[in-house]
Structure formats: C-alpha cells, structure tokens
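In what follows, a single structure is set out as structure tokens and then discussed.
The values are calculated or read from the model by the stated rules, or taken from the named source; none is laboratory data. Since the model is a prediction, treat every value here as computed from it, not as a measurement. Backbone-built Cβ (ideal geometry, glycine too); neighbour counts: all protein chains shown. With ligands, DNA and RNA removed, areas are computed over all heavy atoms of the protein, side chains included. Shrake-Rupley method; radii C 1.70, N 1.55, O 1.52, S 1.80 Å.
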Amino acid sequence: MNYLTGRLVTFPLVLLGVSLIVFIAIRLVPGDSITAMLGTEAGLLTPKQREALAAYFGIDQPWFIQYWRWLYDLFHGDLGVSVTYGRPVLDVILERFPLTLELALLSMIVALLVGVPAGVYAATHNEQPSDLGVRIIAMVGQSTPNFVLGLVIIYILSAGFGILPVMGTFTSIWQDPLTNLSQMILPAVTLGFAFAASVTRISRSAMLDILKDDYVRTARSKGASSRAVIWRHALPNALIPVVTLSGIEFSYLLGGAVIVEQIFALPGLGRLVLDAILQRDYALVQGTVLFIAFNVMVVNLLVDLAYATLDPRIRLGER
Amino acid sequence: MEQVRAIARHTSGRIGGAIVLVCLLAAALGALGWTPHDPLMQYRLDRLHAPNGTYWMGTDLFGRDVASRLMVGIGQSFTVAFFSVAFATLTGTVLGLAAAWLGRRWDGTLMRLMDMLMAFPAILLALLIIAIIGPGLWTSVIAIAVIYTPIFTRVVRGPALSLKEREFVDAARTFGSSQSYILSRHLLLNLVAPLTVQVTLALAWALLTEAGLSFLGLGTQPPTPSLGLMLSDSRNLMETAPWLMVFPGLAIMISILGFNLLGDALRDILDPKMRRSLA
C-alpha cells in the first residue's frame, strides 16, 4: 500500500478517533449544559422541565447512545442543535467559517509576500550586513507572540495616530468589501508577521542550498541572467519547504486564531469554540472541533499532494 | 561540558544562553522573594506610577510593583515550560521507542493515536483540557505536555526505526544484550542529539503557549502574577500606562528569543548539515 492510499484509508479512522476524543472530553467538563445555558434561572426549573429540556437536546441518554446518535446524524449532515444559539450547529459554524477562512488566507498572503522576497534577498546577499539584518528581524519576528504584536499595533495606531481599529460590529466581505478589508487587515498583519519570519528563514535556507546545485551553475554558465537564475530556476525548487510550512500554518489558522480574534473582537471559529467550551455547549464544541479537525486533515493531505507535484522526484510510496 | 563550550563559541548560542541565564536568575530571585517590592502588595497611593527610581518598571492599576510581578511571572512561565516539556519529552520518548521497537500493531495504534491528537489545533486541545480540569498552573503544564507529546513521539520514532535496523543493534542482540540495555545504550543514547534540539525549541513554544493561555485567563490564576495575564490586563490602560504592556510583552518576547537562539545554536552544533543554511 503506498503512502497516499495509506493516508486515505486511515483518514476516516483518525477522524472517528477525534470525534470520540472530543465527545468524551466535553462530557468530562464539570457542570451541565442546561445550567450553563440558563445560568441562575436553571434553579427555577422543575425536574420535569429539566428532563424535557434534556430530552429535547438529546442529553438524557447514556453517553454511548448519545455518541451513536450523533454519529448517525452526522452522516445525515446534522451536527445537532446549539443550546447557546438555539440553532443548528452547522448553520452557526458556516456563519463563522468565512471569516476564519478569510483571515487565514489574508495572513498567508501577507506572510508569503513579505517572507519569500526577504528570504531570497537574504540568500542572494549571504553573509552581508543586509543578510544579517534580515536574519535578526526574522528571528525577532519568530519570537514575538501574535498577541503582543496585536497589542503593539493597536497601541501605535491609537497613541500615535489617534485611530482605533474598527471593533464590535463585523462586516462581511459580501456586504462591503472595503469595510471588511479595513477590519481584517490588522489581524491579518498580526498573524502574518510571525509566519513571515518563518517563511523568510525557510526560503533563505532552501535558496542557499539550491544556489549551490549543479543545474543552477549550468544555467549561469549558459549565460542566464542572475534574475532568471534566481526567479526561474532556483525559486520554484526553494518553494517546496515553503509549501509544507504554509500548509501547516494554514491548517493551524483554520482552527481559528483564538487570541487574535479575541484582541480584535472578530467573530471567528476560535472564539466560537472558546465560548462554546465555557458555555458547555456540547453539540457546538463537538461539531466545531470535528469541523476544524477535518479541515486540518484535508489541508495536510493536500500539502502532501502538492509536495509530490512540485517535486516529481518524491515518490510518496517510497517514503 | 564540550557542548557548553561549543555553545559559548557560537554567536547565537552565546546570546541565547545569556538571555536564558538572565531570565532564570530573575525567576530564581522572584521565587526566593528577593524582589524590589512585594509583588502582591497594593501601594494604593502609587497607582499607575510611571517607571522611576522606586518602581523600576512602574506600578499597575492596584499600585503593585510591575518589576517584582514580572520576576515572579517569568518564574511561573518557566516553571510551566520546563515541567510541560519534561513531561512531553519523557512520555514522547517512551511512546516513540515503544512504537519503533515493538513495531506492527503497536506502532500503528500508537501513531494513529498521535495523529488524532495532532489533528486538534494546539490551542483547542489545551482549551478542552483546561475546561475539564479547571484553569491553573499545573493544568497548563498538563495541557502543554499533551500538545507536545505527539511531536516528541514522532521525533523519537523516526530515528529509532532506522537505528533498530543498524548492524550494532544486531550485534548487541547476537551477543545476548537485554532489550532494556539495547534500548537505553544503543537507541536512546543516539537519540540525545535530535531530542536536545527539539527540547530547546519546544521550550520556546511552551513559553508562547503558556503566555497565550494566561492571556485568555486560563493559565496561572490571579493574584499570582503571570506574564500573559499582565499583558491582558494592560489592554484597557495601554494609552495611559503603556509600561504595563511594554515590559511583560518584552519579557515574553525576549525569553522566547533566548530559547530560539539556543535551539538554533544546538541544531548547528549537533547537526552539522544544517549549520550553514539556518545560522
């Protein structure tokens, strides 16, 4: 069985395992969802009313029956009903997901637009002061937590320019693209900065290796310009590790950047899970975490495929 | 001792090592109570004082000395980072060695279990664990350890699989060496280099995760100082008292930078193939 087939076979098994882990984990959280939902008013419920509510949300059965029912419904496209929102979990997730996806894509764009040219520049100026400068900035960038950077950006904007990022009401890209971009650009830069630092380091390292390869020397000896050698011959190969790194980062961002969403008051998936855990909204936590895990696994699989496409020498089955 | 000398000769190693040592010293002084002021004492008449001769890093909204709280906070962060990485290293090494040595079903089962844990975004897994056990310093240790155990398992399993097939292991078997001797003497000793690099880099990630959890209010609980919480508290006061944001932010960044530099240096020293390119 080659590597890819193996990955595809184990994919549903791993997903099933994830679903079981999250199903059990959320039930280990002290307290129950009805009390979490109603707060102090839960004390006013009669036992019959409580039982009726538990039956409505399907949490009156033993855990394995609840799990089986949840799996059954899952295969029929039903992730259950959120006790917090009183709506189908899938609707709530799909409402939040576009923001998370947009934030992930924008921060990837920021990181790649900054990181790749910076890495190439540093590699082509190896051991020169400008290379040292890029390396120092990249190392500091990699060591700066995104929430520290987020606060610094807000501080500079508010103290230096008297402007505060728009927070509170979020406008989707379909409603007003310009307002949406003005709301998303700062979180995207915040998230993209640390990733740009990693991309810089990786692309510099890959370029340094590749610039020493025979085919690059051959291209140079045939009279190819320095620009052509770097951008046409060396860079496509140097991008292979960048693709892997981008895949890992993208899958991480799809999980929702909880802290950055919190700082910039963005209603993304990360905050949704955080609030759902605090509210003990079983169905919402299960559904969201499974949705995120599924995305993470799909992205990782796609990265492996892209890896093989970019470098035909790689035979996945022979790894 | 030779490795310490090698680190001292390496520029990144020297800087990283010095940063880590300074942080450790501050943490040790904080733990011993040798701080400029009592970190919990509220000097109410001196609320929101800018840095000065008495309060080197200023005071917070309750009149507490930021410098003293920072020293204790660094200690809290380092405690979580060290214990969580130690736990993850130990568990990951045992699981990785077991997967590689026992092979077949054990290997398959253990690695699929690790795949499941790795399918969770790290912060979500931590949130779930914290929701179950309740927030606190030791919960952060457990949460971060669980996040990093699969990484260490993978780091150990790969090289262990190839070491298992080497001639010197066959020779040891032929001479009748016990399993435990082969595992500890021939496999584990050869895994020290990749593990050392991974441990140093994991310490940087652990500091980052701990600060993130504390920032969300899910790590060390007040009134005990923690860097993430200090930073989070500074949000509403950043215009009137920017020092409340600057010093904890710098402390988190510099301590992570220290471990990153040290990790890079160790990778250069222990893995000469990487030396030129990543330095």
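Screening A:Thr179, A:Thr169 for residues that are closer than 28 Å to A:Arg271 by Cα and in a loop (DSSP other than H, G, I, E, B) leaves exactly one candidate, A:Thr169. Being within 14 Å of another protein chain (Cβ to nearest Cβ), in contact with a Ser or Thr (Cβ under 8 Å, 6 or more places away or on another chain) and either in a helix (DSSP H, G or I) or small (Gly, Ala, Ser) (or both) is the requirement here; does B:Asp233 meet it? No; evaluated as a whole, the condition is false for this residue. In the range A:123-138, the residue that is modelled with the lowest pLDDT out of those that are over 22 Å from the mean Cα position of the chain (by Cα) and within 11 Å of chain B (Cβ to nearest Cβ) is A:Glu127. Exactly one residue among B:Met238, B:Met230 is over 21 Å from B:Gly103 (Cβ atoms) and either among the acidic types (Asp, Glu) or at pLDDT 90 or above (or both), and that residue is B:Met230. Return yes when B:Gln76 is over 30 Å from B:Asp268 (Cβ atoms), open to solvent by 30 Å² or more (accessible area, probe 1.4 Å) and part of a helix (DSSP H, G or I) and no when it is not. So B:Gln76 passes the test.
The set of residues in the range B:236-255 being among the polar types (S, T, N, Q) and either open to solvent by less than 20 Å² (accessible area, probe 1.4 Å) or facing chain A (nearest Cβ under 9 Å) (or both) consists of B:Ser255 alone.
Criterion applied to B:Ile182, B:Ile144, B:Ile123 was being within 14 Å of chain A (Cβ to nearest Cβ) and either in contact (Cβ under 8 Å) with a residue 40 or more places away in the chain or more than 17 Å from the chain's Cα centre (by Cα) (or both), and the one residue passing it is B:Ile123. One residue alone among A:Val18, A:Val9 is open to solvent by less than 30 Å² (accessible area, probe 1.4 Å), closer than 30 Å to A:Ala306 by Cβ and of a type outside the set (S, T, N, Q), and that residue is A:Val18. Look through A:Tyr155, A:Tyr85, A:Tyr72 and report the one residue that is within 13 Å of chain B (Cβ to nearest Cβ) and over 26 Å from A:Ser246 (Cα atoms). Going through A:Tyr155, A:Tyr85, A:Tyr72 in turn, just one is within 13 Å of chain B (Cβ to nearest Cβ) and over 26 Å from A:Ser246 (Cα atoms): A:Tyr155. Within the range A:105-118, does at least one residue satisfy the condition of being under 30 Å from A:Thr244 (Cβ atoms) and within 14 Å of chain B (Cβ to nearest Cβ)? No, every residue in the range A:105-118 fails to be under 30 Å from A:Thr244 (Cβ atoms) and within 14 Å of chain B (Cβ to nearest Cβ). Do we find that A:Ala54 is open to solvent by less than 60 Å² (accessible area, probe 1.4 Å), in contact with a helix residue (DSSP H, G or I) (Cβ under 8 Å, 6 or more places away or on another chain) and not assigned by TED's automatic domain parsing to the domain that holds A:Trp174 in this structure? Spelling it out, A:Ala54 is indeed open to solvent by less than 60 Å² (accessible area, probe 1.4 Å), in contact with a helix residue (DSSP H, G or I) (Cβ under 8 Å, 6 or more places away or on another chain) and not assigned by TED's automatic domain parsing to the domain that holds A:Trp174. Which one of these does A:Ser33 not meet: (1) touching a Phe, Trp or Tyr at 6+ places or on another chain (Cβ under 6 Å); (2) at pLDDT 75 or above? Tallying (1) touching a Phe, Trp or Tyr at 6+ places or on another chain (Cβ under 6 Å); (2) at pLDDT 75 or above, A:Ser33 fails exactly one: (2).
Assess whether A:Glu249 counts as being closer than 26 Å to B:Asp233 by Cα and either acidic (Asp, Glu) or not assigned by TED's automatic domain parsing to the domain that holds A:Thr124 (or both). Considered against the rule, which asks whether it is closer than 26 Å to B:Asp233 by Cα and either acidic (Asp, Glu) or not assigned by TED's automatic domain parsing to the domain that holds A:Thr124 (or both), A:Glu249 comes out as no. Can you name the residue in the range B:97-112 that is within 28 Å of A:Val273 (Cβ to Cβ) and in contact (Cβ under 8 Å) with a residue 24 or more places away in the chain and is also nearest to the other protein chains (Cβ to nearest Cβ) among such residues? If we take residues in the range B:97-112 being within 28 Å of A:Val273 (Cβ to Cβ) and in contact (Cβ under 8 Å) with a residue 24 or more places away in the chain, then B:Met111 is nearest to the other protein chains (Cβ to nearest Cβ). So is B:Phe62 modelled with pLDDT of 95 or more and either within 19 Å of B:Pro242 (Cα to Cα) or in contact with a helix residue (DSSP H, G or I) (Cβ under 8 Å, 6 or more places away or on another chain) (or both) or not? Spelling it out, it is not the case that B:Phe62 is modelled with pLDDT of 95 or more and either within 19 Å of B:Pro242 (Cα to Cα) or in contact with a helix residue (DSSP H, G or I) (Cβ under 8 Å, 6 or more places away or on another chain) (or both).
Residues are listed down the side, and each one gets a yes or a no for (1) small (Gly, Ala, Ser); (2) at pLDDT 90 or above:
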residue: B:Arg5; (1), (2): no, no
residue: B:His10; (1), (2): no, no
residue: B:Ile15; (1), (2): no, yes
residue: B:Val20; (1), (2): no, yes
residue: B:Cys23; (1), (2): no, yes
residue: B:Ala27; (1), (2): yes, yes
residue: B:Thr35; (1), (2): no, yes
residue: B:Leu40; (1), (2): no, yes
residue: B:Arg44; (1), (2): no, no
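Being assigned to a helix (DSSP H, G or I) and open to solvent by 50 Å² or more (accessible area, probe 1.4 Å) is true of B:Val22. Scanning the range A:106-139 for residues that are open to solvent by 50 Å² or more (accessible area, probe 1.4 Å) and under 29 Å from B:Ala206 (Cβ atoms) turns up A:Leu112, A:Val114, A:Leu132, A:Arg135, A:Ile136, A:Ile137. The test for being within 14 Å of another protein chain (Cβ to nearest Cβ), open to solvent by 30 Å² or more (accessible area, probe 1.4 Å) and hydrophobic (A, V, I, L, M, F, W, C) holds for A:Phe294.
Each residue in the range A:253-264 was checked for being facing another protein chain (nearest Cβ under 8 Å) and among the acidic types (Asp, Glu), and 0 pass. Among the residues of the range A:265-281 satisfying the criterion of being in contact with a Gly (Cβ under 8 Å, 6 or more places away or on another chain) and buried (at least 24 other Cβ atoms within 10 Å of the Cβ), which is nearest to the other protein chains (Cβ to nearest Cβ)? Per the criteria, the residue is A:Val273.
Can you find even one residue in the range B:256-275 that is within 11 Å of another protein chain (Cβ to nearest Cβ), under 19 Å from B:Asp60 (Cα atoms) and surrounded by fewer than 21 Cβ atoms within 10 Å (Cβ to Cβ)? Within the range B:256-275, none of the residues are within 11 Å of another protein chain (Cβ to nearest Cβ), under 19 Å from B:Asp60 (Cα atoms) and surrounded by fewer than 21 Cβ atoms within 10 Å (Cβ to Cβ).
All conditions but one from (1) closer than 13 Å to A:Asp281 by Cβ; (2) at pLDDT 85 or above; (3) of a type in the set (Val, Ile, Thr) apply to A:Ile65; the one that does not is (1).
A:Thr100 falls short on exactly one of the conditions (1) within 14 Å of chain B (Cβ to nearest Cβ); (2) within 30 Å of B:Thr109 (Cα to Cα), and that condition is (2).
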